[in-house]
Structure formats: C-alpha cells, structure tokens
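Reviewing the structure listed below.
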Amino acid sequence: MKIKIKALQIFLLSAFLLVSVAMMPVSAEKMSISSFFSEMGGTEVNAGEYLEIVDPSNFKNLTEKQKNQFYSMKIVVPDLSKSTKGNSSVIEITESSQSRAVYLVHNHNSVSPALLGIDWKASSETTAIFPEVNVAAQLFSSSDEDSWEEEESESESGSATSYVEISKYKFLPSTAYYKVVSTHWGYTPGGNPYMDTLTSNTLYYS
C-alpha cells in the first residue's frame, strides 16, 4: 500500500513539473521584453540580439547570412523613462557608392484615446517596393512613468511591398500611462538591411 501511495506521489509530482515547465516559456517571454527595456534602455546593443527579443518570429525566418548582417549592426535600446518629442522618423538609404538609387522609409507610431479604450499603431512606408518590410511594436504601461511593463505585443511582415501597419485596440485598459515602442526593419531592393526604433508620445488613460 505504501509503495502505491509513493508511486502516486511521484506521478503527481512529475505531472506538476511537466505542466510548470510547459507554462514557463510564455511568462518568461512576456517578462523578457519588459526586463530588456528596463535594464538596457539607453545602451547600445547589436541589432540581431535586439530583434531576437522584440521580433523573434520574423527574425528567425532570416538566412544565417541575413542574421549576421543584423548582428554586425548597432542599435540603441529605447529608454522608456525619457519623454520623446516626436513619434515619426525618416530613414534615407543609398544602395551603394556607385548607385544613384536613394530610398526613404517613413516610420510612425502612436497611442491615442478611443471609445472605451485606446488605439495604438505602428507603420512603415517606403518610397519603392521593398523585398521585406517588418514592423514590431509593444504597448507599455506604467503607474508612475518610471517602471514600465509590457501590456501587448504585435508584429507584421510584408514581402514585395511598400507599406506595413500594426493597428490595435485595447478595451477598457487600467488607469495608467501608456506608450508604444516600435521597431522598423527590413531590406532594400539591393538587399541592404535597415533598422530604426521609435518611442511614441505618452498617454494617460483613466
């Protein structure tokens, strides 16, 4: 009888551990973005490592050569504790010193009040058809504008396109400050990588 009870205890413990392990990646991935911005905000990191955290689903689809291009680039992690004056940017890309082709990438993000909630958006628009355009965005909230936590995350990818947009609505959010961080990246027609980050205005919702 004692042996059966012991076996049952071992079985239940094993089942509990398996369920716990299965659930861990979701919470770990959720926390990793908040922790990353909290700990690394304002510091320079390589763009590949940055994309592994903020846009892993699209980054993992790249070839090793493409990934290495981003690992060799540098990007400054947005500092959420600092206010921003604008929520748009323009990247100017010249294909090569021999080429006269110059492309522009217009990036934008925003967070604004809506009926019973808030709208948050991020987009990229290029002046030519690009082979790949990616946008990843996170909505963050804070009770004191000091410590920020990720509320939602979204990413969109387009092939052979000039426009990609994320448009989301959050119903009845908690009373807090909100802002959006977006990452805009991809490849020009000549295969050159580009990348930029934006931090939106801060919205107080009550």
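The values are calculated or read from the model by the stated rules, or taken from the named source; none is laboratory data. Just so it is clear, the model here is predicted, and its values are computed rather than measured. Every residue, glycine as well, gets a Cβ built from its backbone with ideal geometry; the counts of neighbours run over all protein chains shown. Ligands, DNA and RNA are stripped out before the accessible areas are found, and what is left, the full protein with its side chains, is counted by its heavy atoms. Shrake-Rupley method; radii C 1.70, N 1.55, O 1.52, S 1.80 Å.
Sorting Met73, Met195 by solvent-accessible area of protein heavy atoms yields Met73, Met195, largest first, with a 1.4 Å probe. Summing charges over all other residues whose Cβ lies under 13 Å from the Cβ of Gly158, with Lys and Arg as +1 and Asp and Glu as -1, gives -4.
Using the structure shown, list the pairs from Lys60/Lys121; Lys65/Lys168; Lys85/Lys121; Lys82/Lys168; Lys60/Lys82 with a Cα-Cα distance above 26 Å, or answer none.
Values: Lys60/Lys121 24 Å; Lys65/Lys168 33 Å; Lys85/Lys121 17 Å; Lys82/Lys168 24 Å; Lys60/Lys82 31 Å.
In this structure, Lys65/Lys168; Lys60/Lys82 exceed 26 Å between Cα atoms.
To the nearest Å, what is the center-to-center distance of region 155-183 and region 83-135, using C-alpha atoms only? Taking the Cα centre of each part, region 155-183 and region 83-135 sit 12 Å apart.
Ser72 exposes around 90 Å² of accessible area when a 1.4 Å probe is run over every protein chain in place. Kirkwood hydrodynamic radius of region 163-206 from all distinct Cα pairs, in Å? So the Kirkwood estimate lands at 13.1 Å. Residues with beta-carbon under 10 Å from that of Ile75, excluding Ile75: net charge, scoring Lys, Arg +1 and Asp, Glu -1? Charge balance near Ile75 sits at -2. For region 167-175, just list the computed ³J(HN,Hα) in residue order, Karplus coefficients 6.51, -1.76 and 1.60, θ = phi - 60°, integers in Hz, with x standing in for Gly and Pro. Karplus-based 3J(HN,Hα) across region 167-175 equals 9, 10, 10, 10, 7, 6, x, 5, 5 Hz.
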